[in-house]
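Okay, structure first, notes after.
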Amino acid sequence: MAAKEIFDVVIVGLGPAGSVLGYILAKHGINVIGVDYRSFPRFKLCGGLITWKTQQLIEKVLHQETSFLEKTIIYSGKGYGMGCGDWLYQGHLDIPFKIVDRYLYDFFWFEQFKHVGGKYVKAKVVGLDLSSSSIILSSGERVSGRYIVGADGVFSIIRRKLASKSKITKPGNINQVLAIEGFLPVDQIKLSYKPYIFFGKVPLGYAWIFPAKQGWALGILSQVRDAKKLKQIFLEFCVKWSKTYKQKIYAHFLPYGDFEKRPVYKNCFLIGDAAGWADPLLGEGIYYAHKSALILAAAFLQGQFKLPVVREKFIHGLKKELQELRYALFWRKCLFTMGKFNNFALLKWLFLKKHKMFENIIQGKRSFCFGKYLGNRI
């Protein structure tokens, strides 16, 4: 019997984090395999926002302009809105936001991974065996690798298994939020066609109205764990801005300040949502999925797969992004704490007096550290 193949890297989850990591590694001739329990293409609940910093990152990964995005983009524009109660600010960006169809966007990256020789297995991962450096599939089979990477989303099985072995926190802690989302035809919303975010609807979180493939996507997220209560708030929000609301409602969880500061244990790494890496203020996740994948890929390649070097380079590479996440979390705490008492007066002031600075922070040109220029963040 032939010896069972041992891969250089086993990636669990092939969303925007796992597929990008696999694409970069396979392109450099690394023997990598991705395991995902769902088929591609697949439906994915997500606002799909692509900021300037994400566009720059994609260009770096592909070494070309983001013209490929044209097939996945459902909206591109410079207008946006930010609301609180009956107050609504209408802004205009210097660089347009893009919104992608996650069904097509995730499929693109999955196809890129396969195109450069990445191997793929459709299977459900149920366990992790650190002693043999392997993952266990629901069939009982094992897939072994020198390195294991968890890129399997907000309820990562890899993170859950590592949490029992190290200081990594379990998925599903209090910093995760429940999001409820639905879709309406384009003519059913009483607003001009562009992205909107609304604060003050829930104690810790926000609501949104984004352009979507179906017309509009309406959603709300909060740490409110009473799903019925959150659904009622969501329906009241829909009634305020829509002519009617009779669409199917979806629910999912998101990391929201749940980021791991050292998402690594022995030869296992976490990236993207599995590591809780998402903007703690506005919830942007695609950028951090790609960025954490790029940092880990660079650590593997520059560290020549020597474990101590790879770990050191990965942790060092995360420092700038970790700093931004911490500052974003600081501002979230400030805004929501003061918002309880002054109806988000600080946020209104920021948009009225400092809207360009805030826009540049969201786009990634300035830091959450009081608007400092970031320099070469990408």
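The values are calculated or read from the model by the stated rules, or taken from the named source; none is laboratory data. Model, not experiment: these values are computed from the prediction. Using ideal geometry, Cβ is built from the backbone for each residue, glycine included, and neighbour counts are taken over all protein chains shown. When the accessible area is computed, the model is the full protein with side chains, heavy atoms only, and any ligands, DNA or RNA have been set aside. Shrake-Rupley method; radii C 1.70, N 1.55, O 1.52, S 1.80 Å.
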Legend entry - Some residue of region 28-40 being among the hydrophobic types (A, V, I, L, M, F, W, C), at pLDDT 95 or above, under 30 Å from GLN304 (Cβ atoms) and assigned to a loop (DSSP other than H, G, I, E, B): yes
Inset, instruction - For region 49-82, name all the residues that are open to solvent by less than 30 Å² (accessible area, probe 1.4 Å), at pLDDT below 90 and of a type in the set (Gly, Ala, Ser). - result: none
Inset, instruction - Give the residues of region 203-242 that are closer than 24 Å to TYR75 by Cβ and in contact with a helix residue (DSSP H, G or I) (Cβ under 7 Å, 6 or more places away or on another chain), sorted by residue number. - result: ALA207, ILE209, GLY215, TRP216, LEU218, ILE220, SER242
Legend entry - Options GLN323, GLN304: the member that is at pLDDT 85 or above, touching a Cys at 6+ places or on another chain (Cβ under 9 Å), open to solvent by 10 Å² or more (accessible area, probe 1.4 Å) and farther than 20 Å from GLY81 by Cα: GLN323
Inset, instruction - For region 154-171, state whether one or more residues are open to solvent by less than 60 Å² (accessible area, probe 1.4 Å), basic (Lys, Arg) and not in a loop (DSSP other than H, G, I, E, B). - result: yes
Inset, instruction - Just need a number here: residues in region 1-18 that are over 23 Å from GLY127 (Cβ atoms) and open to solvent by less than 10 Å² (accessible area, probe 1.4 Å). - result: 0
Inset, instruction - Hey, could you check region 96-133 for residues that are in contact with a Phe, Trp or Tyr (Cβ under 8 Å, 6 or more places away or on another chain), open to solvent by less than 40 Å² (accessible area, probe 1.4 Å) and in a strand (DSSP E or B) and say which is farthest from ALA345 (Cα to Cα)? - result: VAL125
Inset, instruction - Working only within region 220-231, note down all residues that are open to solvent by 80 Å² or more (accessible area, probe 1.4 Å) and either touching a Pro at 6+ places or on another chain (Cβ under 7 Å) or within 20 Å of LYS190 (Cα to Cα) (or both). - result: none
